[in-house]
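Shown next, in structure tokens, is the structure this report addresses.
The values are calculated or read from the model by the stated rules, or taken from the named source; none is laboratory data. Worth saying up front: this structure is predicted, and the values here are computed from it rather than measured. Glycine gets a Cβ as well: all are built from the backbone with ideal geometry, and neighbour counts include every protein chain shown. Side chains are part of the model used for accessible areas, which takes the heavy atoms of the whole protein and leaves out ligands, DNA and RNA. Shrake-Rupley method; radii C 1.70, N 1.55, O 1.52, S 1.80 Å.
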2 protein chains.
Amino acid sequence: MAKNSEEVHVTEDNLYEIARRRGFFYIGNEIYGGLTGFYDYGNIGTMLKRNIENLWRRHFLNLGENFSEIEPSNVMPEKAFVASGHIKNFVDPSVKCKKCGAWHRADQLIEKSLGIKAEGKSQEELTKLIKEHKIRCDKCRGELGEVRVLNMMFQIKMGSEGDTVAYLRPETAQGVYVNFIRQFNVMRSRLPMGLGIVGKAFRNEISPRQLLIRQREFTQAELQVFFDPSKVDECDNWDEVKDYGLMIMEKDGKTKKRKCSELAKSEGLPKFYLYNLAKSQEFFIGVLKFTEEKFRLRRLSEEEKAFYNKIHFDAEVFLDSLGEYKEVGGIHYRTDHDLLGHQEVSKKSHSISHEGRNFVPHVIELTVGIDRTFYAAMDLFYKPATEERDWEWFAFPPEMAPYAFAVFPLMGKDGLPELADKVYRMMKKGYGTVYDGSGSIGRRYARADEIGIPFAITIDYDSLKDNAVTIRKRDDTKQTRVKISDLEKEAERLCSGESR
Amino acid sequence: MAKNSEEVHVTEDNLYEIARRRGFFYIGNEIYGGLTGFYDYGNIGTMLKRNIENLWRRHFLNLGENFSEIEPSNVMPEKAFVASGHIKNFVDPSVKCKKCGAWHRADQLIEKSLGIKAEGKSQEELTKLIKEHKIRCDKCRGELGEVRVLNMMFQIKMGSEGDTVAYLRPETAQGVYVNFIRQFNVMRSRLPMGLGIVGKAFRNEISPRQLLIRQREFTQAELQVFFDPSKVDECDNWDEVKDYGLMIMEKDGKTKKRKCSELAKSEGLPKFYLYNLAKSQEFFIGVLKFTEEKFRLRRLSEEEKAFYNKIHFDAEVFLDSLGEYKEVGGIHYRTDHDLLGHQEVSKKSHSISHEGRNFVPHVIELTVGIDRTFYAAMDLFYKPATEERDWEWFAFPPEMAPYAFAVFPLMGKDGLPELADKVYRMMKKGYGTVYDGSGSIGRRYARADEIGIPFAITIDYDSLKDNAVTIRKRDDTKQTRVKISDLEKEAERLCSGESR
């Protein structure tokens, strides 16, 4: 990616300092020294996160007529994970230092030491590589033991004698698959059918790191699209996307914009898959307004991708604070792998009757990591302090920002707070709005900028006479005078992006 | 409660049959025979639940200027629960049948057999009662063993060797308390400060039962209000509630409406507590439109309430399907109990400086059980089939209903679907709206009624000429003709309840 070397780059520490101080997120249970891999969202972060989740709902649940959200439980029975393969395959290759006792992800250690891809290699292969290349503990340089595999699911024991074993789901997807038959009936047996979950997933990560990027508890927004596999190369809305440019990472590592119609031909990618690929990119670039140049779709190779994914692209974003591309979502053609797995273990047929034919539907899974997307938003919209503006700020789009408006009475007297309160209550009906009555106006602008509020409304002495207020735009700090009676209309215009 | 004996009463089975068939909720992981105590919300239920949660946010987070939602993790470290007392005290008295091996909640078994309150009694007292009264297993009549206490929290082991012990939180409240110091700084050190969580809690219930009422995973919406204890008898908004009538359960078991001002005098209840009590009742009656006559606030006696609650009222609703009052919320004056507990274990001072004084804030906790409230809504708004209307339906208020509008083209041809689609897209911008194009209009009304959609819009042949549609109201089945250009305004009027 082309980077401007003159730019001031934000760091992980930088973002975390603001996140903690302003209530975006922080290590949870701080008073007890925290719990590794678990972050809590503060008041500002919760609003931002909720907005991202709701934007996800609005975008993805509108991709088809028969698309809905469901909310299955976080705890699921063992059999479900026998069927999904998680009991057997959801393991982390780990290796312990014989000297200091620290555990490491074996594949990651090898990748770091040797610069080769090691994900997906067997326990034996990894041990061999470590021995052959004399890879050592990166904390104390001690010798490493044998590579072990550890299941990454958290086990729960329930009932009076703790003899019923269940698991916290490691991905929301399985919560959809176990309910497929029931929901297909409820939703009147029509394909394509989309079932989404915005919810928690839990993994016993060996080495949680990079703040919200690799946690042990995290939020996924996943949409499972069930469809007739004979129609994978058909797409009712093809016209909508055929000229849409996908940001594809090429073999040389560079990103090139390529039209859906071109990819259908050159790569033989099916139209229905491409449609979903385009809609996923659109979420990040069109809806969340992520910088197009920092976004890419990376196709996983045969070795990298899970064996059950027929086609697998990751959505990645270059994050300055981490100095690398990070996965924020994925577009997985999982075929009938999951439904067949559940059919086998549950002995319940997952074959459906649709338009006169019987078959097990295929699935395209569109997944978004909400916490990673949240962190990416903080990274991408971060603006350093400058000479003109003496503080750091975030350029979140209005729909994503914790609040869209801040309301300031110029002074805390002479009837200004009363009028400001009236304006505050008016704005609050339609938009996230915060009232701030203390400190200098400059200080209040700084406070608002720092959590990314796009518009600040000031009520001054003139307001008492002309019934108008000043709106200051965060991005260019320009101010305009607006009649209070026109505020609602102006707010709509501002938030729709017309003015930018 | 006065009941009309002529009414057809809904049953638990009745509600569950609709819930399962129409996608409100169902036992999760059905294909594996389910997991006891875990229910999944289907597509219709998720919309209804989300609406209840958002109505909670709008009501409770607006009770003060410095009130916000936060989102801490579900998994919390052991120390937090040492501090909260859950490790020691969060136990269920359980007793095993020597014959069939079934476990029972000892206190509940005694209550059922002897008709006395047994909650809160010690292990020894419970064993004594069982022996004395020869209480037996209610499944096989076998002899019962000694009463044991089992901790109801789910334990999680993490890290490579599983040696870090943590717990799934058994209540959302502790997620707020462990973050109190951090959030008090973030939120500019002003009291009263409100911190809410809408999230999951997990309990290893010995005998989950009554569908959503007693589950092992459930959603709580809890607001912790931190305030200066010297001001508990002050209330800025006292005028707002002083004449408000609280539905108080009297000593004789009857419910009587009593004004806040009266209760302040006769019961010596502090004003700030009464304000929060009134606002909690208002949520159920004013916002969710629960039947006032079926609602009551029940004060817990010294023996019933947790020792740390200085004042404890439960919000209860009479549910026909269960034939009894059920707790749907609580209003707990927890004092400084929790913050002092965390202060002691964490060794971090929880004393704050506020308006020139130093103290540990007190807490009033306003809690709502979202799943129970959901179930109560299904029970309260259920309407049986009648001669005129041949199907069961739900009278959910528009803001709570899964969809506010249904759009029907009279026929699937002659341009009607195209116009209906236009209307559908228009309505969808502002309201939950569903399109239904198949089956007779009667069948479509039935389908809409059954999930409680308040308004159905039909596009007929006249619509093509007069650009008007028919709106049919679910509650009285009356129909009115409305110009498409007036639809948005009419929708606003209908949903605000003006027309009812």
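When restricted to residues that are open to solvent by 50 Å² or more (accessible area, probe 1.4 Å), assigned to a strand (DSSP E or B) and closer than 21 Å to B:Pro361 by Cα, the range B:285-312 contains 0. Of the numbered criteria (1) in contact with a Gly (Cβ under 7 Å, 6 or more places away or on another chain); (2) at the interface with chain B (Cβ under 9 Å from one of its Cβ atoms), the one A:Ser84 fails is (2). Looking at B:Leu191, B:Leu223, B:Leu195, B:Leu246, just one residue is in the same structural domain as B:Arg334 (by TED's automatic domain parsing), modelled with pLDDT of 95 or more, outside any strand (DSSP E or B) and among the aliphatic types (A, V, I, L, M), and that residue is B:Leu191.
Being touching a residue at least 24 places away in the same chain (Cβ under 8 Å) and at positive phi: is that true of A:Gly415 here? It is true that A:Gly415 is touching a residue at least 24 places away in the same chain (Cβ under 8 Å) and at positive phi. When residues in the range A:87-104 are screened for being open to solvent by less than 20 Å² (accessible area, probe 1.4 Å) and at the interface with another protein chain (Cβ under 10 Å from one of its Cβ atoms), 5 of them pass. Mind listing just one residue for me: the one in the range B:467-491 that is open to solvent by less than 40 Å² (accessible area, probe 1.4 Å) and under 34 Å from the mean Cα position of the chain (by Cα) and, of those, farthest from B:Pro397 (Cα to Cα)? Among residues in the range B:467-491 that are open to solvent by less than 40 Å² (accessible area, probe 1.4 Å) and under 34 Å from the mean Cα position of the chain (by Cα), the one farthest from B:Pro397 (Cα to Cα) is B:Leu487. Of the set (1) more than 12 Å from chain A (Cβ to nearest Cβ); (2) crowded, with 19+ Cβ neighbours inside 10 Å, all apply to B:Asp228 but (2).
Go through the range A:401-410 and give me each residue that's part of a loop (DSSP other than H, G, I, E, B), over 15 Å from A:Gly23 (Cβ atoms) and open to solvent by less than 10 Å² (accessible area, probe 1.4 Å). Across the range A:401-410, the qualifying residue is only A:Ala404.
Residues in the range B:145-176 that are facing chain A (nearest Cβ under 9 Å) and open to solvent by less than 10 Å² (accessible area, probe 1.4 Å): B:Phe154, B:Ile156, B:Met158, B:Ala166, B:Leu168, B:Gly175.
For the range B:12-33, a residue qualifies if it is more than 7 Å from chain A (Cβ to nearest Cβ), open to solvent by 10 Å² or more (accessible area, probe 1.4 Å) and either within 21 Å of A:Pro77 (Cα to Cα) or not in a helix (DSSP H, G or I) (or both), and the qualifying residues are B:Arg20, B:Ile27, B:Gly33.
Among the residues in the range B:387-408, are any within 30 Å of B:Ala468 (Cα to Cα) and of a type in the set (Ser, Thr, Tyr)? Checking the range B:387-408: at least one residue is within 30 Å of B:Ala468 (Cα to Cα) and of a type in the set (Ser, Thr, Tyr). The single condition among (1) crowded, with 20+ Cβ neighbours inside 10 Å; (2) in a helix (DSSP H, G or I); (3) outside the structural domain of B:Ile206 (by TED's automatic domain parsing) that B:Arg182 does not meet is (3). Search the range A:315-333 for residues being among the charged types (D, E, K, R) and in contact (Cβ under 8 Å) with a residue 60 or more places away in the chain, and hand back the single one that is nearest to A:Lys112 (Cα to Cα). Among residues in the range A:315-333 that are among the charged types (D, E, K, R) and in contact (Cβ under 8 Å) with a residue 60 or more places away in the chain, the one nearest to A:Lys112 (Cα to Cα) is A:Lys326. So in the range A:437-464, with the set limited to residues that are farther than 14 Å from A:Arg474 by Cβ and touching a strand residue (DSSP E or B) at 6+ places or on another chain (Cβ under 6 Å), which one is surrounded by the most Cβ atoms within 10 Å (Cβ to Cβ)? Restricting to residues being farther than 14 Å from A:Arg474 by Cβ and touching a strand residue (DSSP E or B) at 6+ places or on another chain (Cβ under 6 Å), the top hit is A:Ile459. For the range B:327-340, the criterion of a residue being outside any strand (DSSP E or B) and among the polar types (S, T, N, Q) is satisfied by no position. Taken over the range B:34-66, the criterion of being of a type outside the set (Gly, Ala, Ser), surrounded by 18 or more Cβ atoms within 10 Å (Cβ to Cβ), within 9 Å of another protein chain (Cβ to nearest Cβ) and not in a helix (DSSP H, G or I) is satisfied by B:Leu35, B:Phe38, B:Tyr39, B:Asp40, B:Tyr41.
Among the residues of the range B:180-223, those identified as more than 8 Å from chain A (Cβ to nearest Cβ) and among the charged types (D, E, K, R) are B:Arg188, B:Arg190, B:Arg203, B:Glu205, B:Arg209, B:Arg214, B:Glu222. For the structure I just gave you, tell me whether B:Glu69 is modelled with pLDDT of 95 or more, within 25 Å of the chain's Cα centre (by Cα) and surrounded by 13 or more Cβ atoms within 10 Å (Cβ to Cβ). Considered against the rule, which asks whether it is modelled with pLDDT of 95 or more, within 25 Å of the chain's Cα centre (by Cα) and surrounded by 13 or more Cβ atoms within 10 Å (Cβ to Cβ), B:Glu69 comes out as yes.
Scan the range B:185-199 and report the pairs whose first residue is closer than 18 Å to A:Arg444 by Cβ and whose second residue is of a type in the set (Phe, Trp, Tyr) and open to solvent by 10 Å² or more (accessible area, probe 1.4 Å), with Cβ atoms within less than 9 Å and a gap of 6+ or a chain change. So the pair list comes out as B:Arg190/B:Phe184. When the criteria are applied in full, A:Glu119 fails the requirement of being surrounded by fewer than 16 Cβ atoms within 10 Å (Cβ to Cβ) and farther than 30 Å from B:Asn74 by Cα. Taken residue by residue, the range A:387-400 has no member that is part of a helix (DSSP H, G or I), in contact (Cβ under 8 Å) with a residue 24 or more places away in the chain and out of contact with any helix residue (DSSP H, G or I) (no Cβ under 6 Å at 6 or more places or on another chain). Checked against the criterion of being in contact with a strand residue (DSSP E or B) (Cβ under 7 Å, 6 or more places away or on another chain), open to solvent by less than 20 Å² (accessible area, probe 1.4 Å) and not in a strand (DSSP E or B), the candidates A:Ala315, A:Ala376 yield just one match: A:Ala376. Being in a strand (DSSP E or B) and either more than 30 Å from A:Asp421 (Cα to Cα) or free of Cβ contacts under 8 Å to residues at least 40 places away in the same chain (or both) is a property that B:Ser94 has. Could you tell me whether A:Pro361 is assigned by TED's automatic domain parsing to the domain that holds A:Pro454 and either farther than 30 Å from A:Asp228 by Cα or within 30 Å of the chain's Cα centre (by Cα) (or both)? No: the conditions fail for A:Pro361. Against the list (1) closer than 20 Å to A:Asn204 by Cβ; (2) over 33 Å from the mean Cα position of the chain (by Cα); (3) among the charged types (D, E, K, R); (4) assigned to a loop (DSSP other than H, G, I, E, B), the condition A:Glu119 fails is (2).
Taken over the range A:243-263, residues that are out of contact with any Gly (no Cβ under 7 Å at 6 or more places or on another chain) and open to solvent by 70 Å² or more (accessible area, probe 1.4 Å) amount to 6.
Of B:Gly341, B:Gly356, B:Gly415, which residue is touching a Ser or Thr at 6+ places or on another chain (Cβ under 7 Å) and surrounded by fewer than 23 Cβ atoms within 10 Å (Cβ to Cβ)?
Values: B:Gly356 fails: touching a Ser or Thr at 6+ places or on another chain (Cβ under 7 Å); B:Gly415 fails: touching a Ser or Thr at 6+ places or on another chain (Cβ under 7 Å).
One residue alone meets the criteria, B:Gly341.
Total residues in the range A:308-355 satisfying the condition of being of a type outside the set (A, V, I, L, M, F, W, C), more than 14 Å from chain B (Cβ to nearest Cβ) and touching a Leu at 6+ places or on another chain (Cβ under 7 Å): the figure is 5.
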